[in-house]
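Notes follow the structure.
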Amino acid sequence: MTSADERPARLDVGVVGAGRVGAVLGAALQRVGHRVVAVSGVSEESRDRAARLLPGTPVLAPEDVVRQAELVVLAVPDDALADLVAGLSATRTWQAGQLVAHTSGRHGLEVYAPALDQHVLGLALHPAMTFTGTGLDLDRLVECCFGVTAPEPLRPVAEALVLEIGAEPVWIEESARGLYHAALAHGANHLVTLIAQSLQALRAAGVESPSRVLGPLVSAALDNALRAGDAALTGPVARGDAGTVAEHLRQLESLTPDIRPTYVALARATAERALASGRLKPHVAEPLLDILATDQER
């Protein structure tokens, strides 16, 4: 956490989008001394979230939020961001010299193009964190990373905003935003699907507390993978146990139709990476890949 002397000037903050991310970031900025002056939220859930995390903060239309703020946080879905910026630009809502930070992982600074003639100071500050939209997230923000893209003169401002809430800025080039976001979505969002599928299969196998069985295993696997990458791989694919994989595929037939194709796709990717790293020999991999290829053709 930065000291009071290192912090930027206290700002009046407006949050456009009181979703899981926006309300939490507003609360985090308020906790370090900024003042959230207004927030927008359309759904009842968003309004309730704003009331919990930002009590007493007026809930206004987006254009009214922007007019009151020195720092505007745009926390809306990726696909809505460009239209929001363009709409606020068309109505001449922005104020010259106004700091604007969006939280999209996919977008960089290109979305601010319609607002440049109104002299906004645009930043891209994407928290590399999954959000529940509750106070739990405030602690999770501490020591997480933000993918930051900013014009060179604004890099100190972007860095200070991230550091003062206890997070770490990681600089992402404008051209790399899409790949950066794809990497995070693949690793985190798809992990949720994978774990949910594994829990479902354990329940189908009669395990009463599947999370108790799976939790220590996947926690250790995640820790090992973060430390060692592909070298952390264990299990039947890494060993080339084609018979075991074939039995897995037979057993997964009885579950919902999403699980078996996911297993096949991930097993094939695992085998290919194990081959590339030399952990799996070609003559051992061949029968395994044949089984997986046959299943994909079904």
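The values are calculated or read from the model by the stated rules, or taken from the named source; none is laboratory data. Fair warning: this is a prediction, and the values are worked out from it, not measured in the lab. Don't worry about glycine lacking a Cβ; one is built from the backbone with ideal geometry, like all the others, and counts go over all protein chains shown. When the accessible area is computed, the model is the full protein with side chains, heavy atoms only, and any ligands, DNA or RNA have been set aside. Shrake-Rupley method; radii C 1.70, N 1.55, O 1.52, S 1.80 Å.
In the Gaussian network model of the chain, springs joining C-alpha atoms below 10 Å, which of V66, V192, V15 carries the largest mean-square fluctuation?
In this elastic network of the chain, the residue with the biggest mean-square fluctuation among V66, V192, V15 is V192.
Could you tell me whether the stretch 28-99 comes out rounded, prolate or oblate from its Cα gyration tensor? Rule is a ≥ b ≥ c as square roots of the eigenvalues, rounded for a/c under 1.5, then prolate if a/b exceeds b/c, otherwise oblate.
On the way: a/c = 1.89, a/b = 1.30, b/c = 1.46.
It comes out oblate by the Cα gyration axes.
Please report, in whole Å, how far the alpha carbons of the chain spread along each principal axis, starting with the longest.
66, 40, 39
With every protein chain left in place, what is the accessible area per residue of the stretch 209-298 in square angstrom, probe 1.4 Å?
Working: 5590 Å² over 90 residues.
Result: 62 Å² per residue.
In the stretch 119-237, what is the volume of the convex hull around the alpha carbon atoms, normalised per residue and reported in Å³? Walk me through the intermediate numbers first.
Working: hull volume 18.9 nm³, N = 119.
In the stretch 119-237, the Cα convex hull volume per residue is 159 Å³.
Using only the Cα atoms, what convex hull volume per residue in Å³ does the stretch 1-153 have?
Expressed per residue, the convex hull around the Cα atoms of the stretch 1-153 is 109 Å³.
Over the stretch 57-172, with the other protein chains present, what is the accessible area per residue in square angstrom, probe 1.4 angstrom?
Per-residue accessible area for the stretch 57-172 comes out at 42 Å².
How long is the gain from A232 to A183 if the chain were fully straight, where each residue apart is worth 0.36 nm and the alpha carbon distance is subtracted?
Numbers: separation 49, 0.36 × 49 = 17.64 nm, distance 1.90 nm.
Length gained between A232 and A183: 15.7 nm.
Percent of accessible area on the stretch 1-129 owned by carbon and sulfur, 1.4 Å probe?
Numbers: 2980 of 5620 Å².
Result for the stretch 1-129: 53 percent of the exposed heavy-atom area is carbon or sulfur.
Which Cα, out of T262, Q251, G187, lies furthest along the positive dipole direction of the chain (beta carbon charges, K/R +1, D/E -1)?
Ranked along the dipole, the leading option is Q251.
In the stretch 230-298, what percent of the accessible surface is made up of carbon and sulfur (1.4 Å probe, ligands and nucleic acids excluded)?
Exposed carbon and sulfur together represent 55 percent of the surface.
Between A204 and E143, what length comes free when the chain is fully extended (0.36 nm per residue of separation minus the Cα-Cα distance, one decimal in nm)?
Gain on stretching A204 to E143: 18.2 nm.
Fully extended, how many nm does the chain gain between R273 and D258 (0.36 nm per residue separation, minus their Cα-Cα distance)?
Extending this stretch completely gives an extra 3.1 nm.
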